[in-house]
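**Student:** First, the structure itself, so that you have it in front of you.
The values are calculated or read from the model by the stated rules, or taken from the named source; none is laboratory data. Nothing here was measured: the structure is a model prediction, and the numbers come from that model. A quick note on method: Cβ atoms are made from the backbone with ideal geometry, for glycine too, and the neighbour counts reach across all protein chains shown.
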Amino acid sequence: MSIINLNEIPSDAFRAVLSLNDVQRDFIRRYMECSDEVQSVVRSMFAVIEHEHTTDDDRHRALAIIADALHLNPEEGHGSYGLDFPRSQQEIATKHPDLSRRPIVAKRLVQMESQEAAFADRVKTILEQKNITQQQLAERMDCTQSAVSKMLSRKARPQRKTIFKMATALDVAPTDLWPDLEVAAILDSIAEPFNDRELTQAQAEALDAASSRPPVEVKTRELPSRKRP
Amino acid sequence: MNEPITGTGCLEWRLRMGRPAFRDFQRLVPRYSVRSELNRQLHKLRWWNPDEPWVVDLPWNWVQPTGLAELFLQLDDGVVHTVRVLFFEHSPNPSVPTLWILGGMRADEALGSLRHAIYSGRSTIVKARAD
């Protein structure tokens, strides 16, 4: 629709534009500068935010997209858009916006490297002692030799369950492979109640039994009626 | 990218990430000690091979029909047990094969239509802006 005569513009629209504050005008300006595809994403994110089934997490996810699309929180990046992931991880210890966090981050990175080094050394030693090749270990773990090689050359950090799988494959205790594993297990057991999202079979059966039980019968008796004098 | 790329066995991908993905992870895993574990695991995506079902020791799947992929990783955290990480391939410069990490959620959260809209929206912005 093209409007040649300004009088054709509804007065409500004029009033709406005039009532915008600076922040709202800036928001609209940024939106108008976006490409059609990005504008469409922004509109669909507003729809997500207003959807009746949207969770709080989804609302945050959608808001993060709108902020990103409209450059509402401009931050230093690597290149025209986004961040180089490995570089961002290297920089986090030295460029964390909260100065007090930097030593904590650096300490954690050192700890992880130390854990990975100890793991690799221990597994290599056991492989030598037991005369097992990486290929044989991979076959016992049902994974590729390349995966084993990456973990032993400290290019890839094993998942916790991989450590357990490897320990079984090597017939050793998991704590023989990974430093601090016992401490982690204790912490996990403390945190377990929070992780209890699924019922066990026994719990489910007990719940079924309880819910199918007939309601408790409450015995009542009529109150004596009062007779007015 | 719905069609699997073949012949990428020895390829090492460049990994990139948008700001919304960082926000996802900060909200999902507020404790840095645990988030650092997640970040460390994500480095494995450098060796993603569309022809293999595992990235080192992490399972992954296509999310049809979006062309996105999901990677599952377990955390040693009592609150978030398994995380689903959404990623996709977009290489503005074909000589630098690039994977984009779009964000993450708990694996027990359903990937319904609203979340498809969210992550597809993120991939649209990457395609529109990355060069």
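**Student:** Looking only at the range A:126-162, how many residues end up being of a type outside the set (Asp, Glu) and surrounded by fewer than 19 Cβ atoms within 10 Å (Cβ to Cβ)?
**Tutor:** 22
**Student:** Answer yes or no: is there a residue in the range B:16-25 that is in contact with a Phe, Trp or Tyr (Cβ under 9 Å, 6 or more places away or on another chain), touching a residue at least 24 places away in the same chain (Cβ under 8 Å), at the interface with chain A (Cβ under 9 Å from one of its Cβ atoms) and assigned to a strand (DSSP E or B).
**Tutor:** Taking every residue of the range B:16-25 in turn, at least one turns out to be in contact with a Phe, Trp or Tyr (Cβ under 9 Å, 6 or more places away or on another chain), touching a residue at least 24 places away in the same chain (Cβ under 8 Å), at the interface with chain A (Cβ under 9 Å from one of its Cβ atoms) and assigned to a strand (DSSP E or B).
**Student:** Which of the residues spanning the range A:39-61 are under 15 Å from the mean Cα position of the chain (by Cα) and in a helix (DSSP H, G or I)?
**Tutor:** A:Asp56, A:Asp57, A:Asp58, A:Arg59, A:His60, A:Arg61
**Student:** Which number in (1) assigned to a loop (DSSP other than H, G, I, E, B); (2) small (Gly, Ala, Ser); (3) surrounded by 12 or more Cβ atoms within 10 Å (Cβ to Cβ) marks the one condition that A:Ala64 misses?
**Tutor:** All conditions are met except number (1).
**Student:** Checking the condition modelled with pLDDT of 85 or more and not aromatic (Phe, Trp, Tyr), which residue from A:Ala13, A:Ala93, A:Ala67 passes?
**Tutor:** Within the list A:Ala13, A:Ala93, A:Ala67, the selection yields A:Ala67.
**Student:** Further question: Applying the selection to the range A:149-180, what residues are in contact with a Pro (Cβ under 7 Å, 6 or more places away or on another chain) and free of Cβ contacts under 8 Å to residues at least 40 places away in the same chain?
**Tutor:** A:Met151, A:Phe164, A:Ala167
Conditions (1) surrounded by 22 or more Cβ atoms within 10 Å (Cβ to Cβ); (2) in a strand (DSSP E or B); (3) at positive phi; (4) at the interface with chain A (Cβ under 9 Å from one of its Cβ atoms), marked per residue:
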site	(1), (2), (3), (4)
B:Arg40	no, no, no, yes
B:Pro50	no, no, no, no
B:Pro59	no, yes, no, no
B:Gly78	no, no, no, yes
B:Val85	yes, yes, no, no
B:Ser91	no, no, no, no
B:Leu102	yes, yes, no, no
B:Met105	yes, yes, no, yes
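**Student:** Using the structure shown, decide if A:Ser114 is of a type in the set (S, T, N, Q) and within 12 Å of another protein chain (Cβ to nearest Cβ).
**Tutor:** no
**Student:** For the range A:104-171, list the helices (runs of 4 or more DSSP H) that sit wholly inside it and hold at least 2 residues that are of a type outside the set (Val, Ile, Thr) and under 22 Å from B:His81 (Cα atoms); which are they?
**Tutor:** Per the criteria, A:160-170.
**Student:** Same structure, new question: Please specify each residue of the range B:61-76 satisfying the condition of being facing chain A (nearest Cβ under 8 Å) and in a strand (DSSP E or B).
**Tutor:** Within the range B:61-76, B:Leu73, B:Gln74 qualify.
**Student:** Restricting to the range A:105-125, name every residue that is farther than 11 Å from A:Leu152 by Cβ and surrounded by 15 or more Cβ atoms within 10 Å (Cβ to Cβ).
**Tutor:** Hits for the range A:105-125 are A:Val105, A:Arg108, A:Leu109, A:Met112, A:Gln115.
**Student:** Could you tell me whether A:Val38 is in contact with a helix residue (DSSP H, G or I) (Cβ under 6 Å, 6 or more places away or on another chain), facing another protein chain (nearest Cβ under 7 Å), closer than 15 Å to B:Phe22 by Cβ and of a type in the set (Val, Ile, Thr)?
**Tutor:** The answer is no for A:Val38.
**Student:** Which one is nearest to A:Arg160 (Cα to Cα) among residues in the range B:58-78 that are free of Cβ contacts under 8 Å to residues at least 12 places away in the same chain and over 13 Å from the mean Cα position of the chain (by Cα)?
**Tutor:** Among those residues, the one meeting the criterion is B:Gln74.
Conditions tested, residue by residue: (1) among the charged types (D, E, K, R); (2) at pLDDT 90 or above.
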residue: B:Phe22; (1), (2): no, yes
residue: B:Arg35; (1), (2): yes, yes
residue: B:Asp51; (1), (2): yes, yes
residue: B:Gly67; (1), (2): no, no
residue: B:Leu75; (1), (2): no, no
residue: B:Phe87; (1), (2): no, yes
residue: B:Leu102; (1), (2): no, yes
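**Student:** Can I ask one more? For residues that are under 19 Å from A:Gln159 (Cα atoms) and more than 15 Å from the chain's Cα centre (by Cα), scanning just the range B:23-34, find the one that is surrounded by the most Cβ atoms within 10 Å (Cβ to Cβ).
**Tutor:** If we take residues in the range B:23-34 being under 19 Å from A:Gln159 (Cα atoms) and more than 15 Å from the chain's Cα centre (by Cα), then B:Val29 is surrounded by the most Cβ atoms within 10 Å (Cβ to Cβ).
Residue by residue, here is whether (1) in contact with a Ser or Thr (Cβ under 9 Å, 6 or more places away or on another chain); (2) at the interface with chain B (Cβ under 10 Å from one of its Cβ atoms) holds:
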{"residue": "A:Met45", "(1), (2)": "no, yes"}
{"residue": "A:Glu50", "(1), (2)": "no, no"}
{"residue": "A:Asp57", "(1), (2)": "no, yes"}
{"residue": "A:Leu63", "(1), (2)": "no, yes"}
{"residue": "A:Ile66", "(1), (2)": "no, yes"}
{"residue": "A:Leu70", "(1), (2)": "no, no"}
{"residue": "A:Ala106", "(1), (2)": "yes, no"}
{"residue": "A:Ala118", "(1), (2)": "no, no"}
{"residue": "A:Glu128", "(1), (2)": "no, no"}
